[in-house]
Amino acid sequence: MKLKDILSPFTAWKHVVKEPVTIKDPQSREGAERYRGFHKNDIESCIGCGTCEDICQNEAIDLVPVDGIETKDGDSGLRPMIDYGRCCWCALCVDVCTTNSLSLSNHFTWVDEDPDAFRFIPGVDKKAWDNEEKGWKKPEPNYELYGTERVHMPELHAEDRDKSFIEFVTGYSKQQAEEEADRCVECGICTATCPAHMGIPEYIKAIRNDDLEEGLRILYETNPLPEICGRICTHKCEDVCSIGHKGDPLSIRWLKRYIADQNPSEKYKEILNAGNVENNGKKVAIIGSGPSGLSAAYYLALTGYDCTIYEKLPEAGGMMRYGIPEYRLPYDQIDKDINYILSLGVKIEYNVNIGTDITLDKLKSDYDAVFAGTGLHLGRSTRIPGSDHKDVFFATDLLREISLGKEIQVSEKIVVIGGGNVAMDITRSLARLQNNKFGKVDVTATSLESEDIMPADREEVVESREEKAIIDPGWGPTSIEIENDKIKGLHVQKCLSVFDESGRFSPKFDEKDTKFFEADMIVESIGQGMDIEYINPETRDQIEFDPRGRIVVDEYFQTGAKWLFIGGDIIQGPDVIHGIANGHKAAIGIDKFINQDG
Amino acid sequence: MNDIKTKFDITDIIEQRENLSFITIPKEHAISLVTYLRDVKGFKHLVLLTAADWLEDEEFQLTYLLNNPDEKSDLGVRVFISREDATMETAHHLWEQVATYQRELKEMFGIDFPGSPDVDKPFILEGWDDKPPYRRDFDTKQYSEDTYFPRPGRESNDPAEYMKKKLYPDEK
C-alpha cells in the first residue's frame, strides 16, 4: 500500500470549507414571461368538452366529475384532471382549448412527498399559481388549431328572392361541406341539447370521410325527416357548440341537409337496409301527419307495426307544409322525406277529420293504440279593441291558405303583431306577395319583445330586413283604429319588460311612449293554441291536465287514457325537432304498451 | 466526377445542385472510395454518417456526407446493405469521430461495424432489450403502451356519454 492511498480519504475533507459548485434553488427565481409552467383552468368558462384530453399526446388528461359543477346544456360538468407523471408541458391542451379557459402559469417548482398530489384538477384543487398572470396563454387572434369561421352558405341575393317563393339557401358543395365539417372537434356537447339526441359528431365525421351513406344511416337512427330538419330545424345544437365560444359555431343544420341532399331517394331503402321488416300484426292509428306523427309512424313501422295516419288536410306534413313557407322548405323536399316513410308501408288517409268523419272511439276499438300529434293550429288573438275586424287575420290561417294554393288578401300596408318565427314567416310571405302585386314592400312586424329577446331565429330577422320588411320590436299593441269600417292602423305603447323576476309572462309598459303604425290590414301572430275537440269527454276525463290547461303525459307521451299517446307541439316545442323526438319516444312507449298488453 | 467514375463502380449519380451530389456504390467498394475522396479529392471533412430504413426493399441505406473545404462542395456517398445481414466495414480509422456515429447506428438501427471502438456500448438507451427503435418495424406506440402504462386509479369520461348518463339515461 502506498502512502497516497492512506492519505487520500482525508483530502476529501478540504471540500468542507470550500464554496460548493451547486447552489441552493433560489425560490425567488421567476419563470420567463411566457414560460409553460403549471396548469390553470378557469372553471367557470370551461365546459368540459374534452378537446384537451383528445389532443394530449401523452394521455396525461382525464375528464372527471367535480362536486358543485352541474351537467347541463352546453356543459358536460366534467373538468380536466392532469397527471404530471405524464405531462410534458407542450401546451397543446391550451392551444386547442375551445373556450380559452385552460392556460399555463410560469410557476415551475413544486415539491411534494405524495406522488398522487401531482394528479390534480386545475382550478378546482387550489394552487399557489392560480392567480398568476404570467405564463402561456393561447395567443389571440389567429392561433386556432381549428377553423373559427363558418363556411359561408350560398344564398340567393335579396333582390332575386323577394318576389318568389323559390328556395333561397342553395346548399353546400362537397368542398364547402367538407371544409365546414373539418372545423368540428368531435366533443359531442351538442348531442345532449338536441331534443332527438342526434349523433351529430358522428355524421359530421361521415362527411369528412366522404361516406354520406353512413351519414344517412346515422341521421335516420334518430330523425326520419333529415331533408326537413336540414333546412328549418331551430338548431339548438349550434347554440352550445364548443367552437361557438371563440368563433362561429359549426353549421350543423346545413351539414345535415348536405347529407340528405346528396343521397338520392331511390337509394334510401338500400342504404338504410330497410324493407325486410316482418309485420307483427298490430295496428296503430296516428292522428296528424306532422313531424311527431310521421316520426312515430316511421319508428313503429320499423318495428313491424301497421300504421295508418289520419290527416285533416289534403297533403301530409302538418305545420311543415302548411306553416312554413316554401322559400324556406320546398314541397319536394317535404315529399322526399315523407315518401320514404310511406315506402315502408305507412298509410295516410287524407281529408279525414277525427271527431266528425271518424270518432276517436272508433280508432280506439279498431287499433291497438292511438298517437295524436295534432299540433297548434288555432291562432291566438291579442283581443285588443278592433281585433275582431274582418281585415285582422291569424298568421297560421294565412300561411295555410298560401300553401293550399289559395289567394289571400294582400293589402298595401300591413302590420304583423308578433316576434317569433311564425311572425317572420308571414311577414316575409306577405312581402313577396306585396312585391308581386304592388311592386313594393310595406309590411311592418312589431313584437312585445325587444330586439335582443325576440323569439325568432336571428337569421330570420336579418333576412326579413334584407327583403325590405320593417321589424320594429319592443311595442305592445293597445288598439286597432278603425274609421268608416276600414282599418287605419295599430296603436302601440313601449314595452319595458316582458317577464317578471321569476320569469313569468308579465309585460310592463310605458303608457306615455306610444306610436301609431299605419295599416289597412293586420295579422296577429302571438302564438297558437291546440284544438282537441276530437277528444270526447269520456276520454278527456281520463286525461290529466295541469293548472295551465296543458295535457300531462309520462316520459313516453302516454296519457291517463293508456291507449292514447300525445306528442308534438301540443306537449313540447313548438318546433319540428321536438316533434320528431316525441314521436320516436312515443313509438317506444307504444311498443312497450302493446307488448305488455299481450 | 469522371475520374471517380472510371476508377470506381458507381451505380448512380444525383447532382442535386452545383455544390452537392450523391453517388451510390456497392458495399464492398465504399470504404476505398471514401478513402480516395479524402486523400486525393480533398473531401477532408466528414459531415455526418447516417442511415435510413427501407423496410419494403429489405435494405438499409448508409450515407457518408463528405465536405471539400477548398471547393466548398459536399458529396454524399450512399451504400445499400441488406437488413438481414446488417454489417458494414468500419471507417473510424479515417476519421476518429466516425466511431461515435457507428456506435449510435448500432444502437438505433442494429447495424454492426466490427472493429469500431466501443461499438457495443450503450449510446443513449440504457438497458434496452427490444428491437432497435429506429427500425421501422419497431412499434413505438405499442412499446409506449406496454412500458409507460397509466398509473392505477386513473379514469376518464367521454363528455357526450357522460351527459347522456346524467341528463337522459333512459333514452336509446
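Here are the numbers for this structure:
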{"quantity": "Mean projection area, nm², convex hull over Cα of the range A:39-136", "calculated": "6.0"}
{"quantity": "Rounded to the nearest 20 debye, dipole of the range B:1-126 from Cβ charges on Lys, Arg, Asp, Glu", "calculated": "520"}
{"quantity": "Values of log10 I(q)/I(0), in the order q = 0.08 Å⁻¹, for chain A under a Debye, Cα-only, solvent-free model", "calculated": "-0.69"}
{"quantity": "Calculated from backbone phi, Karplus (6.51, -1.76, 1.60) coupling profile of the range A:40-54 in Hz, x at Gly/Pro", "calculated": "10, 9, 7, 4, 5, 8, 5, 10, x, 7, x, 5, 4, 5, 5"}
{"quantity": "Estimated dipole of chain A in Debye, rounded to 20 [Cβ of Lys and Arg +1, of Asp and Glu -1, Cα centre]", "calculated": "900"}
{"quantity": "For the range A:379-528, with +1 on Lys and Arg beta carbons and -1 on Asp and Glu, the positive-most of A:527, A:454, A:434 along the dipole", "calculated": "A:434"}
{"quantity": "Antiparallel content of DSSP bridges confined to the protein assembly as shown, in %, to 5", "calculated": "60"}
{"quantity": "DSSP beta bridges in the range A:379-528 [antiparallel fraction, %, rounded to 5]", "calculated": "60"}
{"quantity": "Estimated dipole of the range B:96-159 in Debye, rounded to 20 [Cβ of Lys and Arg +1, of Asp and Glu -1, Cα centre]", "calculated": "80"}
{"quantity": "Solvent accessible area, Å² - residue A:46, 1.4 Å probe, full protein context", "calculated": "10"}
{"quantity": "Anisotropy class of the range B:48-122 from Cα gyration tensor, a/c 1.5 cut", "calculated": "oblate"}
{"quantity": "Lys/Arg +1, Asp/Glu -1 at C-beta; the protein assembly as shown dipole; positive extreme among A:122, B:65, A:348", "calculated": "A:122"}
{"quantity": "Amide H contacts of residue A:287 (H built 1.01 Å from N, under 5 Å, at least 5 apart or other chain)", "calculated": "A:310, A:371, A:372, A:373"}
{"quantity": "Packing-based ranking, highest mean first, of B:54-61, A:13-20, A:408-415 given that Cβ atoms within 10 Å are counted", "calculated": "A:408-415, B:54-61, A:13-20"}
{"quantity": "Per residue value of the accessible surface for the protein assembly as shown (all protein chains in place, 1.4 Å probe), Å²", "calculated": "50"}
{"quantity": "Charge dipole of the range A:158-271 about the Cα centre (unit charges at C-beta), most positive-ward option of A:195, A:209, A:171", "calculated": "A:195"}
{"quantity": "Chain A - mean residue ellipticity at 222 nm from DSSP helices (-39,500 (n - 2.57) per run, n ≥ 4, rounded to 500)", "calculated": "-8500 deg cm²/dmol"}
{"quantity": "Rounded percent of accessible protein surface that carbon and sulfur make up, chain B, 1.4 Å probe", "calculated": "48"}
{"quantity": "Helical segments meeting 15 Å axial Cα length and Kyte-Doolittle -1.0 threshold in chain A (DSSP H)", "calculated": "A:212-222, A:252-262, A:291-302, A:331-343, A:421-438, A:576-596"}
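The values are calculated or read from the model by the stated rules, or taken from the named source; none is laboratory data. Not measured: the values here are computed from a predicted model. In this analysis, Cβ positions are derived from the backbone assuming ideal geometry, glycine residues included, and neighbour counts consider all displayed protein chains. Side chains are part of the model used for accessible areas, which takes the heavy atoms of the whole protein and leaves out ligands, DNA and RNA. Shrake-Rupley method; radii C 1.70, N 1.55, O 1.52, S 1.80 Å.
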